[in-house]
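The values are calculated or read from the model by the stated rules, or taken from the named source; none is laboratory data. Computed from a prediction, not measured in an experiment: that's the story for all the values here. Please note: Cβ atoms are built from the backbone with ideal geometry, for glycine as well, and neighbour counts cover all protein chains shown.
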Amino acid sequence: MNEILIKNADVVVTMDGARRELAGADVLVRGGVIAAVAAGLATTGRVIDARGCVVTPGLVNTHHHLYQTLTRAVPGGQDALLFGWLKTLYPIWARFGPEEIFTSAQVGLAELALTGCSLTSDHLYMFPNGARLDDTIAAAGEVGLRFHPTRGAMSIGESDGGLPPDALVEREASILEDCIRVVDRFHDASEGAMVRVGIAPCSPFSVSRDLMRDAALLARDKGVMLHTHLAENDEDIAYSLEKFGCRPGQYAEDLGWVGDDVWHAHCVKLDGQEIDLFARTGTGVAHCPCSNCRLGSGIAPVRAMRDAGVKVGLGVDGSASNDAGNLVAEARQALLLQRVANGADAMSAREALEIATLGGAQVLGRHDCGSLEVGKRADIAIWDVSGVEAAGSWDRVAFLLAGPMRVRDLIVEGCEVVRGGAMVTIDLSAVIAKQNRLARALMG
Ligand SMILES: [Zn+2]
């Protein structure tokens, strides 16, 4: 079996049960699995010199809309609140097709890879002009990231009092049919899986109560996870109280949307009872701090969630509501926001890094990922801390959140995806050129 030996790291951050940080340790990868973490290891295979580097588990992204990399910084939506922002972008997204979905996914995935992410979820909830979930899965296959695509959906269009234009919504029967198709075709429940599919109606305000309930029943029947947007901002809470007569937590619980197999994006406005509900049921949260800041949604009660035992991971959210897809920036922002809200001792750099790695893996139900331990999948990020911005740093691990925003090397399932700061799996300049061509066509 192929071996890779990562030698002489300044520090290996294991995220194991004792959260050990091993100075001068090596990591041996055999096949797709970590075979050893110790000093003085040897191999006959490839050696990666990690002198001057910090080695961590690959970062985990629990919420994204990859397709939105094609609509970054669109004029007219830049300064709007969530609902107004969506209304600006819907007509542009309605002109997407398979090529736009595939290329924008490649760009988003490469951006994640270059910033140290080895496992990402994606939430695709519109399928205009023949686009399919298959297009993003093909993109991830080429880029080489571990991928949890979720089959999203919108079914309440403008003419039924919903937010999206009618052209972007689907019939609920077809939505469920296609969920079954993509789960049967692509979902891999086995350990080390590179693709796991989830079911993910866009949000409680874009599908019916029936579809929310049926999606939960279907997911349980198929043994796949459930994902949606929940309690993102004040408008969201007001909508829930007015239309459903209850808060989002209650709505989720009534329809089967809590449990170990469910994670919700944002949850900025969860109250104490809802936090207890999530903790009690093992329901996970995708915290998206940059998006929450960008859209002025508020500060998610992450300190309270973590203290109550809620599983929390990080999400970059769609590039159109963040303008960037960099998980290190999210970890830093998560730390800063909790400190703004709760004081300078509210979150350490190590806790933010834990949320960005192990936390995300737990949210996505990946007990085989998120830490550097023997038997875990070989998803490894190598960060160069020998440059000018790191010179003089006493604590290289804490420094990670202030320092390199890009990874030097990234290994996923024992394969090199980034080497020396460049993509090795795809021709990135060609992908960028194609993306810019598609963006220009959409502007025209
Ligand atoms: Zn989102």
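Selection within the range 280-307: residues that are touching a Lys or Arg at 6+ places or on another chain (Cβ under 9 Å) and either of a type in the set (A, V, I, L, M) or assigned to a strand (DSSP E or B) (or both). The member of this set that is farthest from the ligand (Cβ to nearest atom) is 305. The set of residues in the range 313-330 that are outside any helix (DSSP H, G or I) and crowded, with 24+ Cβ neighbours inside 10 Å comprises 313, 314, 315, 316, 317, 318, 322, 325. Can you pull out every residue in the range 401-444 that is without any contact (Cβ under 8 Å) to a residue 40 or more places away in the chain and assigned to a loop (DSSP other than H, G, I, E, B)? Passing the criteria: 403, 420, 424, 427, 444.
So which pairs qualify, if the first residue must be in the range 318-333 and within 16 Å of residue 116 (Cβ to Cβ), the second must be polar (S, T, N, Q) and within 12 Å of the ligand (Cβ to nearest atom), the Cβ gap must be under 7 Å, and the two must be at least 6 apart or on different chains? Here the result reads 325/319; 327/61, each pair linking the range 318-333 to a residue that is polar (S, T, N, Q) and within 12 Å of the ligand (Cβ to nearest atom). Among the conditions (1) away from the ligand (no atom under 16 Å from the Cβ); (2) under 27 Å from the mean Cα position of the chain (by Cα); (3) within 25 Å of residue 356 (Cβ to Cβ); (4) not in a loop (DSSP other than H, G, I, E, B), residue 22 misses just one, which is (2). Which residue out of 222, 243, 269 is surrounded by 19 or more Cβ atoms within 10 Å (Cβ to Cβ) and basic (Lys, Arg)? Answer to the selection: 269. Residues considered: 178, 122. Of these, the only one that is farther than 30 Å from residue 401 by Cα and either surrounded by fewer than 24 Cβ atoms within 10 Å (Cβ to Cβ) or in contact (Cβ under 8 Å) with a residue 24 or more places away in the chain (or both) is 178. Going through (1) touching a strand residue (DSSP E or B) at 6+ places or on another chain (Cβ under 7 Å); (2) farther than 27 Å from residue 73 by Cβ; (3) of a type in the set (Asp, Glu) one by one, residue 307 falls short only on (1).
With respect to residue 314, is the statement that it is within 16 Å of the ligand (Cβ to nearest atom), touching a Pro at 6+ places or on another chain (Cβ under 7 Å) and modelled with pLDDT of 95 or more true? For residue 314, the condition - within 16 Å of the ligand (Cβ to nearest atom), touching a Pro at 6+ places or on another chain (Cβ under 7 Å) and modelled with pLDDT of 95 or more - is not met. When the range 161-172 is filtered for residues that are surrounded by fewer than 16 Cβ atoms within 10 Å (Cβ to Cβ) and either closer than 19 Å to residue 131 by Cβ or at pLDDT 90 or above (or both), the ones remaining, listed by number, are 166, 167, 171.
Which of the residues that make up the range 56-79 are assigned to a loop (DSSP other than H, G, I, E, B), touching a residue at least 60 places away in the same chain (Cβ under 8 Å) and away from the ligand (no atom under 13 Å from the Cβ)? Correct list: 58, 72, 73, 74, 77. For the range 395-444, a residue qualifies if it is over 21 Å from the mean Cα position of the chain (by Cα), over 30 Å from residue 345 (Cβ atoms) and among the basic types (Lys, Arg), and the qualifying residues are 419, 434, 437, 440.
For the range 260-279, taking the residues that are acidic (Asp, Glu) and under 22 Å from residue 82 (Cβ atoms), the one that is farthest from the ligand (Cβ to nearest atom) is identified as 271. Evaluating residue 105 against the criteria (1) in contact (Cβ under 8 Å) with a residue 40 or more places away in the chain; (2) within 16 Å of the ligand (Cβ to nearest atom); (3) in contact with a helix residue (DSSP H, G or I) (Cβ under 9 Å, 6 or more places away or on another chain) leaves one unmet condition, (1). Here 396, 440 are screened, and the one residue that is farther than 30 Å from residue 189 by Cα, touching a helix residue (DSSP H, G or I) at 6+ places or on another chain (Cβ under 8 Å) and not hydrophobic (A, V, I, L, M, F, W, C) is 396.
The single condition from (1) closer than 29 Å to residue 398 by Cα; (2) in contact (Cβ under 8 Å) with a residue 60 or more places away in the chain that residue 261 fails is (1).
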